[in-house]
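Quick note: the coordinates plus some simple rules give every number you see, no bench work behind them. Fair warning: this is a prediction, and the values are worked out from it, not measured in the lab. Methodologically, a virtual Cβ is constructed for each residue, glycine included, from the backbone with ideal geometry; neighbour enumeration extends over all protein chains shown.
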Amino acid sequence: MKQSIFILFITFSFSTFYAQKEATKTAYFASGCFWCTEAIFELIVGVKSAESGYTGGKTVKPTYEQVCSGNTGHAEAIKVVYYPSSVSYEKLVRAFFESHDPSTLNQQGPDKGTQYRSAIFYQNDTEKQQALSYIKVLKEKKTFKAITTEVVAFTVFYPAEYYHQDYEKKNPNNGYIQGVSKPRMAAFKKKTKLPLYE
């Protein structure tokens, strides 16, 4: 009996250890205001975290004010850390298109400017091909009247200021969150078939 308990304990310990050490991957997307995008991706089962930041431009360590000027070349973007054993990159790409309107050039809802462009930042050829293949499918199905999404090589990601992180969770009564973020999240929940956290 003691031996059986010991074996079960060892098995559980190793399972817990490997679960904690499970490898993660990262993905980078831009689809308008990062407050919205971050909150949406954190709903997806298999996503460990989503972080707001800036990428795709030339200015080193830009500030929010600089990015908002439209002169840095950066887009408001998110860094998604996920477990590939639970959710694939292809499914994240699907969620990306399900959660915004890629037909509006440099605009999402009330937000206008190149910093709000639709973009997928690939880190290798596999990600690039998966993104392009999914866009091809969407075009063939005529899911959108147009797709302005850029598929470009990832360079560097600069985390946004601390007050932008988890903004939707920390500021649920904010006017923008109520008027833009929550409706966008509700639309995504209704559209997607991906498993979501409650």
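Under a 10 Å cutoff between Cα atoms, tell me which one of 123, 107, 115 has the largest fluctuation in the Gaussian network model of the chain.
123
What does the charge count around residue 56 come to, taking other residues whose C-beta lies under 13 Å from its C-beta (Lys +1, Arg +1, Asp -1, Glu -1)?
Summing Lys/Arg as +1 and Asp/Glu as -1 gives +1.
Measure nothing but the geometry: give the 0 to 90° angle between the long axis through the Cα atoms of 89-98 and the longest principal axis through the Cα atoms of the chain, rounded to 10°.
40 degrees
Excluding residue 115 itself, what net charge comes from residues whose Cβ is under 14 Å from its Cβ, given Lys and Arg +1 and Asp and Glu -1?
That works out to -1.
How tilted is helix 2-20 with respect to the longest principal axis of the chain? Cα atoms for both, answer in degrees (0 to 90, nearest 10).
10 degrees
By per-residue mean of other Cβ atoms within 10 Å, what is the highest-first order of 132-144, 176-188, 24-36, 59-71? Present the calculation step by step, with values, prior to reporting the outcome.
Working: 132-144: 12.9, 176-188: 16.9, 24-36: 23.7, 59-71: 14.6.
Ranking, from highest mean packing down: 24-36, 176-188, 59-71, 132-144.
Using only the Cα atoms of the stretch 86-198, what are the Rg and Dmax in Å?
Looking at the stretch 86-198, its Cα Rg and Dmax stand at 15.1, 41 Å.
Can you show me the helix-derived [θ] at 222 nm for the chain, built from DSSP H runs with n ≥ 4 at -39,500 (n - 2.57) apiece and divided by the number of residues, rounded to the nearest 500.
-11000 deg cm²/dmol
Which one, (i) 20.3, 66; (ii) 21.9, 69; (iii) 18.8, 70, gives Rg and Dmax of the Cα atoms in Å as derived from the coordinates shown?
Identified label for the calculated read-out: (iii).
By its C-alpha gyration tensor, with a ≥ b ≥ c as the square roots of the eigenvalues, how is the stretch 138-198 shaped: rounded for a/c under 1.5, else prolate for a/b larger than b/c, else oblate?
Judged from the Cα gyration tensor, the stretch 138-198 comes out oblate (a/c at least 1.5, b/c at or above a/b).
With Cβ to Cβ distances under 11 Å as the rule, what net charge do the other residues near residue 71 carry (K, R +1; D, E -1)?
0
Nearest 10 degrees is fine. How inclined is helix 182-191 to the longest principal axis of the chain, computing both from alpha carbons?
For 182-191 against the chain, the angle is about 60 degrees.
Cut-off 10 angstrom, C-alpha nodes, Gaussian network model of the chain. Which of 164, 100, 74 fluctuates the most?
It is 164.
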